[in-house]
1. Taking region B:169-199 on its own, how many of its residues are at pLDDT 95 or above and either in a loop (DSSP other than H, G, I, E, B) or aromatic (F, W, Y) (or both)?
2. Output yes when any residue across region A:248-257 is within 30 Å of B:L273 (Cβ to Cβ) and surrounded by fewer than 24 Cβ atoms within 10 Å (Cβ to Cβ), and no when none is.
3. Would you check if there is a residue in region B:234-242 being of a type in the set (A, V, I, L, M) and within 14 Å of chain A (Cβ to nearest Cβ)?
4. Select from region A:264-275 the residues that are crowded, with 21+ Cβ neighbours inside 10 Å and within 14 Å of chain B (Cβ to nearest Cβ) and write down the one among them that is farthest from A:P210 (Cα to Cα).
5. Can you find, within region B:33-60, the residue that is farthest from B:G301 (Cα to Cα) among those that are assigned to a helix (DSSP H, G or I) and not hydrophobic (A, V, I, L, M, F, W, C)?
6. Working carefully through the options A:R223, A:R302, A:R298, find the one that is touching a strand residue (DSSP E or B) at 6+ places or on another chain (Cβ under 7 Å), more than 14 Å from chain B (Cβ to nearest Cβ) and more than 16 Å from A:A182 (Cβ to Cβ).
7. Could you identify the single residue in B:V322, B:V261 that is within 14 Å of chain A (Cβ to nearest Cβ) and either within 30 Å of A:C309 (Cβ to Cβ) or crowded, with 24+ Cβ neighbours inside 10 Å (or both)?
There are 2 protein chains.
Amino acid sequence: MKQAVPRTRLDLDRIRAVRHVIDPRFLDSPLYECDALGRRLGCTVSVKLETANPVRSFKGRGAELVVSGLTGQGRTAAVCASAGNLGQALAWSGRRHGLDVTVVASRSAPAAKLAGMRALGAELELVEGDFETARERAVSIARQRDVRLVEDSLDIETCEGAATIGLELASGTPPFDAVLIALGGGAMATGVGHVLKSLLPAVEVICVQPLGAPAMTRSFHERRVVTTGATDTIADGVAGRYPIPAVLDDLLQVADDAVLVRESSIVAGMRMLLEDAGLVAEPSAALGVAAVLEDRDRFAGRHVATIVCGGNVDLDAYHRWVGTR
Amino acid sequence: MKQAVPRTRLDLDRIRAVRHVIDPRFLDSPLYECDALGRRLGCTVSVKLETANPVRSFKGRGAELVVSGLTGQGRTAAVCASAGNLGQALAWSGRRHGLDVTVVASRSAPAAKLAGMRALGAELELVEGDFETARERAVSIARQRDVRLVEDSLDIETCEGAATIGLELASGTPPFDAVLIALGGGAMATGVGHVLKSLLPAVEVICVQPLGAPAMTRSFHERRVVTTGATDTIADGVAGRYPIPAVLDDLLQVADDAVLVRESSIVAGMRMLLEDAGLVAEPSAALGVAAVLEDRDRFAGRHVATIVCGGNVDLDAYHRWVGTR
């Protein structure tokens with residue numbers, strides 16, 4: 001168990017305060033036990049559903065804070081790199097608050113995410129290569145145009161936004177035994193983890209990453225930044241290679257564990273979420289279920305919450321994965 | 001436009017009061033604009049999502065009131081006829097509050113609904129025939145066993161529970177131009193309609209039923225109960241043949257229109273909800289989208305809300321309908 005008041009870049013009072021800045025459409029997302037899923041997994045499973053909102057992922061929470069902060073400073077434009085969900089969320093918030101948003105994304109990002117960003121009014125620049133290439137390009141654009149660079153997980157607003165999920169999880173009764181959080185850059189894991197460790201330190205905070213994109217998990221276990229070569233996973237939303245040192249420091253304060261799961265388990269997780277909960281989850285959103293599948297004994301009879309953090313998938317690929325096509 | 005204070009069996013103050021009796025898991029369901037769906041349909045579309053809860057339909061709201069009322073009277077058992085969603089909801093609430101629930105259902109109800117009721121602890125009795133046969137059998141069982149018969153749409157609690165959706169819709173800003181409501185027995189249409197006509201009389205309340213199960217819609221237009229022969233629709237949740245006179249009276253006070261839609265439009269609606277909103281909807285939950293598809297001019301440029309009222313489907317049939325298998 002971690003210390004009761006974790007020392008991270010986050011602050012519980014501030015997280016409570018920023019709730020008021022976030023559009024209510026992104027707050028108080030459904031949180032409910034799914035009996036059928038629990039029976040399949042041998043434990044009690046609560047789903048925290050972050051897909052039933054205008055951008056179909058949890059990123060709306062943080063994007064609202066980022067955009068509010070920037071427009072409050074009189075900024076009119078921003079640029080970010082995105083695997084697709086942050087870009088859609090920033091575009092949605094930017095459109096409502098008068099901020100022009102440029103998103104740099106990999107050409108290999110899901111077509112649905114690219115189309116979503118365009119449709120919401122983002123200027124989209126595609127790069128060959130992966131998310132890390134997009135990050136580099138976003139840095140250049142920010143310098144060239146002298147506009148603000150939004151950096152997922154490093155910018156504290158992205159963590160604070162995700163942390164509001166933690167407030168909602170912490171108000172669930174009875175408390176969960178464990179919360180399973182998809183781990184990518186770390187905004188969600190550090191944000192939610194900070195709140196849980198502050199309010200309910202006995203709840204186990206478990207981060208889950210694909211074996212094919214293990215940089216942050218390896219860094220967590222080695223307690224230092226470990227970078228990796230090319231990623232190989234369908235979970236596009238969490239496929240980074242260069243952990244951010246400040247985010248890793250926070251993660252070390254709030255996470256009890258970080259585990260890696262196989263692609264076949266991610267696919268099985270997506271299939272179960274569809275069959276047993278009627279939910280269309282993107283691969284990153286099935287990481288929690290995948291973690292239970294790979295270590296049933298660890299969770300047997302316990303009450304686990306899993307954050308279904310996004311539902312932006314290319315349906316063709318999705319149906320291929322879950323076996324309906 | 002209907003009168004500002006409709007005279008029905010429902011009462012706005014009471015509807016506000018009963019919110020406190022309903023488990024929060026069923027309240028404040030997501031309400032959000034879906035850009036992609038709106039673009040496809042040529043209007044602004046807001047989704048009120050009633051599938052992200054433990055029973056995957058809106059029926060949990062009313063069931064909580066029914067069960068609370070019965071256990072408050074010291075009852076320990078109840079029986080109902082159900083197409084599958086009310087039965088699951090009563091079973092869920094009954095299990096939590098110590099009420100034994102017997103459900104009579106048609107053998108041809110979706111296997112997922114039958115399995116769901118059993119898994120939640122309902123005693124299930126299957127009949128050959130349709131929902132109306134199940135209703136007759138439920139009446140007999142109630143008499144034989146001297147237990148309370150729960151009658152969907154007739155029992156005011158079932159309407160009041162659904163009416164709490166109306167309170168949440170009425171708090172949406174800006175107000176909608178029209179709200180599309182699946183019409184079966186009429187609990188949801190009269191409940192939501194009563195609240196909307198009380199609080200926002202300018203909002204058009206439009207009920208939608210399948211052409212293959214048109215009894216209530218015909219009754220609405222003829223202003224008298226019209227029964228029909230066998231139904232023929234995949235929308236199992238709304239396939240009744242014998243409208244209840246008291247419910248029809250209420251519907252006449254609060255609905256602006258009732259329309260019938262083709263099966264092909266229901267299927268297209270389910271497909272759009274999946275493709276454009278990432279939602280698995282049962283056929284009854286796609287009736288609103290189907291209504292827009294059949295009369296695009298009527299809704300062009302307007303802001304419509306559609307209640308996605310249930311997501312309990314047999315996946316094999318679902319994939320066949322939406323074309324993924």
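The values are calculated or read from the model by the stated rules, or taken from the named source; none is laboratory data. Since the model is a prediction, treat every value here as computed from it, not as a measurement. Using ideal geometry, Cβ is built from the backbone for each residue, glycine included, and neighbour counts are taken over all protein chains shown.
1. 6
2. Filtering region A:248-257 for residues within 30 Å of B:L273 (Cβ to Cβ) gives none.
No, region A:248-257 contains no residue that is within 30 Å of B:L273 (Cβ to Cβ) and surrounded by fewer than 24 Cβ atoms within 10 Å (Cβ to Cβ).
3. Filtering region B:234-242 down to residues of a type in the set (A, V, I, L, M) leaves B:234-235, B:238-239.
Applying the additional criterion that residues be within 14 Å of chain A (Cβ to nearest Cβ) yields none.
So far as region B:234-242 goes, no, none of its residues is of a type in the set (A, V, I, L, M) and within 14 Å of chain A (Cβ to nearest Cβ).
4. Out of the qualifying residues, it is A:L274.
5. Let us first name the residues in region B:33-60 that are assigned to a helix (DSSP H, G or I), namely B:35-41, B:59-60.
The next check asks that each one be not hydrophobic (A, V, I, L, M, F, W, C); those that pass are B:35, B:38-40, B:59-60.
Details: B:D35: 13, B:G38: 9, B:R39: 10, B:R40: 12, B:K59: 31, B:G60: 33 Å.
Step by step, filter region B:33-60, then rank; the result is B:G60.
6. Numbers: A:R223 fails: touching a strand residue (DSSP E or B) at 6+ places or on another chain (Cβ under 7 Å); A:R298 fails: touching a strand residue (DSSP E or B) at 6+ places or on another chain (Cβ under 7 Å).
Step by step, each of A:R223, A:R302, A:R298 is checked, and only A:R302 is touching a strand residue (DSSP E or B) at 6+ places or on another chain (Cβ under 7 Å), more than 14 Å from chain B (Cβ to nearest Cβ) and more than 16 Å from A:A182 (Cβ to Cβ).
7. On the way: B:V261 fails: within 14 Å of chain A (Cβ to nearest Cβ).
None of the other options fit; the residue is B:V322.
Each row is one residue, and each column tells you yes or no for (1) over 22 Å from the mean Cα position of the chain (by Cα); (2) within 14 Å of chain B (Cβ to nearest Cβ); (3) at negative phi; (4) basic (K, R).
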site	(1), (2), (3), (4)
A:R19	no, no, yes, yes
A:I22	no, yes, yes, no
A:R25	no, yes, yes, yes
A:D28	no, yes, no, no
A:L41	yes, no, yes, no
